[in-house]
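J.: One structure, as structure tokens, below. Some questions next.
Taken together, the values in this text are just the output of simple stated rules run on the coordinates, not laboratory data. Fair warning: this is a prediction, and the values are worked out from it, not measured in the lab. Cβ: placed from backbone, ideal geometry, glycine included. Neighbour counts: every protein chain shown.
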Amino acid sequence: MVFNSYTFVVFFIVILFLHNLPLSWRVKKINLLAASYIFYAAWNPPFILLLWLSTVVDFFVGKALYTQENPHKKKLLLVISLIGNLGMLCFFKYGTFLLDNFVSLCHLVGFNFHPATPNIILPAGISFYTFTTLCYTIDMYKKRSEPVKSMLDFSLFVTFFPHLVAGPIVRPPQLVPQFESPRVASRKQMMDGLLLLTLGLFMKVVLADSMLSDTADTVFDAHDALPMLDAWIGVFAFSGQIFLDFAGYSTCAIGVALCLGFVLPQNFNYPYAAIGFSDFWRRWHITLSSWLRDYLYIPLGGNRHGKTRTYFALMMTMLLGGLWHGANWTFVAWGGLHGIYLWVEKYYKDRKNIDNPKGIIDENSQWVGFFYAFLTFMLVNVTWVFFRSDTFGKAWRLLCAMSGFASGDKALLTTLAILKVAIIIPLILLCHWVMRNTKVLDVAHKISWVWLSLVWSFLLLAIIFAQESGSSFIYFQF
Amino acid sequence: MNEKSLFKSAMVTLVIVVGVVLGYELYLRNQGVSVDYDDGPPLWADKRAQIYGPTDKTIVFIGSSRIKYDLDRGTWRRLTTAEPVQLAMEGTCPRPVLTDLANDPNFKGKLVIDVTEGLFFNMAPPFMETANENIKYYYDRTPAQRVSFEINKLLESKFVFLDKDFLSTNARLEALQIPSRPGVFMMPTFPMNFKRNTFGRQAYMTDRFVVNEAERNQVKAIWGFFAKMAMSAPPMPPAAFDAIFKSVKADIDKIKARGGQVVFVRTPSSGVYLQGENMGFPREKFWNRLLAETQCPGIHFMDYPAMAHFDCPELSHLKKADAKLFTKEFFRLLSQKPGFTFLQNTNPKKL
């Protein structure tokens, strides 16, 4: 089920009604769990078995990991959990990719191998809930937190529908304690939640789907060489689309949870106002970045074992982070390019002794800060070319067109498409820059109620008149 | 702003939104805008799921836009209890749908294929796109999408402003027809009165369109635009046509082997459009060969005086009043074709 559908509107009203009935907390939690399974099954019912399997295995393995004192048995349990979780992810997400690469390798060494093409359907959100359960068992292994006492709470932690399919990726201490005591949204939470839900839907339905997606698709699916203008407009369109789509989903998820009285972690913090790439990754998909930092970058050595190890850990984290997004070498290249950016930035910062982006703004004027943010945005755009292109050939063609080295002369985009991008993208940049140190709810609470009513009405009316319900979110495929 | 005042904003927002939406709805109704159903993949998939009805109670129609305009469901229902399942698509080659039905072992029923030569004998991918998208949607649709479709159906039946093709923000922006750089392909926009769609997927032009010369000329110009595009494309080699005939025959043979029956129909066009079609797709080389190779009966509008006289308002589709006459005559002819004679005993008045 997607947030931008009529089904969800009805589903959400029913859930809100049930959640506000004078029932015991346990019954309400069972309601939420059942609703979460329905939310997931509404996409493809059989895959709910995977979710159950993952939940049951990790609940018991997590408990055993925490209480087991024998280091060998403990390691064995961890391996079982890793094989269970990553094995499932590998099969469903990377099965075809691994087979294709194996076949290519066979052909490279002269072995003629032609296996049947597997028809594997990717279960929605498998990358997200795998990371959710994985961090739990690793935390249990390291005794970072206490095991969840009840199966009901653990199931709800894994399955809670607002975060289930596309995050934010939650850690046990962030959500499990919220299930331990009764929660119903206060009027403030309810209103805040509804405002966030409206904003998220506006970002997704109106801006990403209605205004930008067609332009991005047209340019990235083009077969001929494009003029420089068309190439850049297409990449800007995707840059806006991917942010609005994913941040829109996260905003909806946080808003929906808030309406039920639960607080989910922030996932985006105006990333296109980032100054530099470490700042970008502190603002883009924050829960994934922090997950990768804690469960990959630090175990790989982090920054505590010398510079060479730091650079290695950084690159490995970005490469694997890229691969997490999709089973294609273009995603690895996307991660690798970000890794290189981070290397360069780290090298520069180490030389100049700059600690954080705030230093740059404090030391220089706001205009210089904006210049750095704009530069970061432009370089991030280059990485999106690899993220969105399904082959290196297409990515290369587009990069050539963007650079002007091999641009075509056959114009592709209509003036209307160009205008949409030329208006929306600068507005996003401006909005991110102005809002970079604040939060949308803080602003909503500060402005006058008349202005808020007008803005809120505009968002809702734009959603209604866009008439674009039903398309799935880009990150569902990851 | 405190907690109370955010609630106040929410309430004012609700009032504004409800007021604007209802005001807009009333304005559109006052302008004579009627209910229209979005003819996207969910509606098509809903009809696609209906092809498995009893073979003497279900007639499946595939083709392009003409059969959608020309087959009047109301008239059909007065003539027979057999359900017309409309799977034709505007501006689309029906062959992918034919292949889909041929490859569906559960489809053993009666099939009518509407032939608009320029689309039927076309191999360009853009003319297959909608068909392939709709077929994919039918097989992939989720339980949530089915529920959304039912809710959407209810809303679309009540609100005329829910019209994605003409009243969505994007449609309004497209209608501005902002000029583009030379060489950029701009999809022409049809007048709203030309394209209304019922829940049964019957398309019709409104009476306003029929009497509005400017709008009729606008659509004629669009046909001219597409004809010019087709003429500028490289001609299809004879081998490509041979391949089309071969694939159509193979698909039809599969349906027949399961006990299914197929009839071709050439629906009316008129004026210079018809002249162009006759020149580009001579009857003996296309229509006659199609019937001969597939061994299927056919109904060509030119062969029957009751059908041959229609004057299409924009050269390619019948107005509603003519669609009723056409449907009556078409039904009479269809019910005489092998495999379709059972239709003679399905008149609701006689039953």
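J.: Count, for each residue of B:180-188, the Cβ atoms from other chains sitting within 10 Å of its Cβ, then give me the mean as a whole number.
T.: For this peptide, the per-residue mean of nearby foreign Cβ atoms is 4.
J.: Still on this structure, I have one more. Among B:N288, B:A306, B:I252, flag the residue with its Cα farthest along the positive direction of the charge dipole of the range B:236-313, charges on Cβ as +1 for Lys/Arg and -1 for Asp/Glu.
T.: B:I252
J.: So for chain B: antiparallel DSSP bridges make up what percent, rounded to the nearest 5?
T.: Of those bridges, close to 10 percent are antiparallel.
J.: Using alpha-carbon positions, what is the distance between the centroids of the range A:217-290 and the range A:154-186, in Å?
T.: Cα centroid to Cα centroid, the span is 23 Å.
J.: Quick one: 3J(HN,Hα) in Hz for the range A:437-453, Karplus 6.51/-1.76/1.60 with θ = phi - 60°, rounded, Gly and Pro as x.
T.: Values, residue by residue: 10, 9, 10, 4, 5, 4, 5, 4, 7, 8, 6, 5, 5, 5, 4, 4, 4 Hz.
J.: Right, another one. Principal axis extents for the range A:277-345, Cα atoms only, whole Å, descending order, please.
T.: On the principal axes, the range A:277-345 reaches 31, 21, 21 Å in Cα extent.
J.: Based on the alpha-carbon gyration tensor of the range A:1-112 and its eigenvalue square roots a ≥ b ≥ c, which shape applies: rounded if a/c is under 1.5, prolate if not and a/b is larger than b/c, or oblate? List each step's numbers first, then the result.
T.: Details: a/c = 5.15, a/b = 1.45, b/c = 3.55.
Cα axes put the range A:1-112 in the oblate bin.
J.: Using only the alpha-carbon atoms of chain B as identical scatterers, what base-10 log of I(q)/I(0) does the Debye formula give at q = 0.08, 0.11 Å⁻¹?
T.: Those come out to -0.43, -0.79, one per q.
J.: Cα centroid distance between the range A:1-54 and the range B:152-173, in Å?
T.: Between the Cα centres of the range A:1-54 and the range B:152-173 lies a distance of 29 Å.
J.: Let me ask you something else. For B:Q295 and B:D242, what does the FRET efficiency come to when R0 = 22 Å and r is the distance between their Cβ atoms, rounded to the nearest 0.05?
T.: Numbers: r = 17 Å, r/R0 = 0.78.
It comes to 0.80.
J.: Could you tell me what fraction of 2.2 N^0.38 Å the Cα radius of gyration of the range A:21-176 comes to, as a two-decimal ratio?
T.: Values: Rg = 18.4 Å, N = 156, 2.2 N^0.38 = 15.0 Å.
It is 1.23.
J.: So, one more: Could you compute how fast chain A diffuses translationally, taking Rh as the Kirkwood radius over C-alpha pairs and applying Stokes-Einstein at 4 °C with viscosity 1.567 mPa s? Give it in µm² per second.
T.: 54
J.: Quick check on the protein assembly as shown: of the DSSP beta bridges with both residues there, what percent are antiparallel, nearest 5%? Numbers along the way, then the final one.
T.: Working: 2 of 18 bridges.
Roughly 10 percent of the beta bridges in the protein assembly as shown run antiparallel, per DSSP.
J.: Roughly how crowded by other chains is peptide B:148-161, in terms of the mean Cβ count from those chains within 10 Å of each of its Cβ atoms?
T.: Mean shielding by partner chains, rounded to a whole number: 3.
J.: May I pose another question? Could you name the lysines whose alpha carbon sits less than 22 Å from that of A:K143, not counting residues in the same chain fewer than 8 places away?
T.: Result set, ordered by chain and number: A:K63, A:K73, A:K74, A:K75.
J.: Work out the length of the dipole vector of the range A:180-247 about its Cα centre, built from +1 on the beta-carbon of each Lys and Arg and -1 on the beta-carbon of each Asp and Glu, and round it to the nearest 20 debye.
T.: Value, rounded to 20: 620 debye.
J.: Follow-up question, since we're still on this one. With an 8 Å cut-off on Cα pairs and a minimum separation of 6 or more residues, tell me the relative contact order of the range A:158-314 in percent.
T.: 28
J.: For the protein assembly as shown, would you read off the P(r) tail past 45 Å as a percentage of all alpha carbon pairs?
T.: It works out to 35 percent of all Cα pairs.
J.: What is the magnitude of the charge dipole of the protein assembly as shown about its Cα centre, with +1 placed on the Cβ of each Lys and Arg, -1 on the Cβ of each Asp and Glu, and no other charges, expressed in debye to the nearest 20? Please report the intermediate quantities before stating the final value.
T.: Values: 82 positive and 63 negative charges, 338 e Å.
That gives a dipole near 1620 debye.
J.: For the peptides A:394-404, A:233-243, A:70-80, what is the packing order when you average, over each peptide's residues, the other Cβ atoms within 10 Å and list the highest mean first?
T.: Those peptides, ordered most packed to least, come out A:233-243, A:394-404, A:70-80.
J.: Residues in the range A:1-15, backbone N under 17 Å from the label point at B:E150 (7 Å along the Cα-to-beta-carbon vector): list them, ranges by number please.
T.: Answer for the range A:1-15: A:1-2, A:5-15.
J.: Give me the inter-chain shielding for A:448-459: mean count of other chain Cβ atoms within 10 Å, whole number please. Working shown, then result.
T.: Numbers: counts 3, 12, 4, 2, 8, 10, 4, 2, 8, 9, 4, 2.
Taking the mean over all residues of the peptide, I get 6.
J.: Sticking with this structure for a sec: Provide the packing ranking of A:125-134, B:134-143, i.e. peptides ordered by the mean count of other C-beta atoms within 10 Å per residue, highest first.
T.: A:125-134, B:134-143
J.: Rounded to the nearest 0.05, what FRET efficiency do A:S290 and B:A49 give with R0 = 60 Å and r taken as the Cβ-Cβ distance? Could you check?
T.: 0.85
J.: Per 5 Å bin from zero, what fraction in whole % of the C-alpha pairs of the range A:265-308 is there, up to the bin with the longest pair?
T.: Percent of Cα pairs in each bin: 6, 23, 22, 22, 16, 9, 2.
J.: Kindly identify the range A:1-45 as rounded, prolate or oblate by the Cα gyration tensor criterion: order the square roots of the eigenvalues as a ≥ b ≥ c, call it rounded if a/c is under 1.5, otherwise compare a/b with b/c, prolate if a/b is larger, else oblate.
T.: oblate
J.: Among B:L101, B:F226, B:L274, whose Cα projects farthest towards the positive end of the dipole of chain B, with charges put on the beta-carbon of Lys, Arg (+1) and Asp, Glu (-1)?
T.: Going by the Cα projections, it comes out as B:L101.
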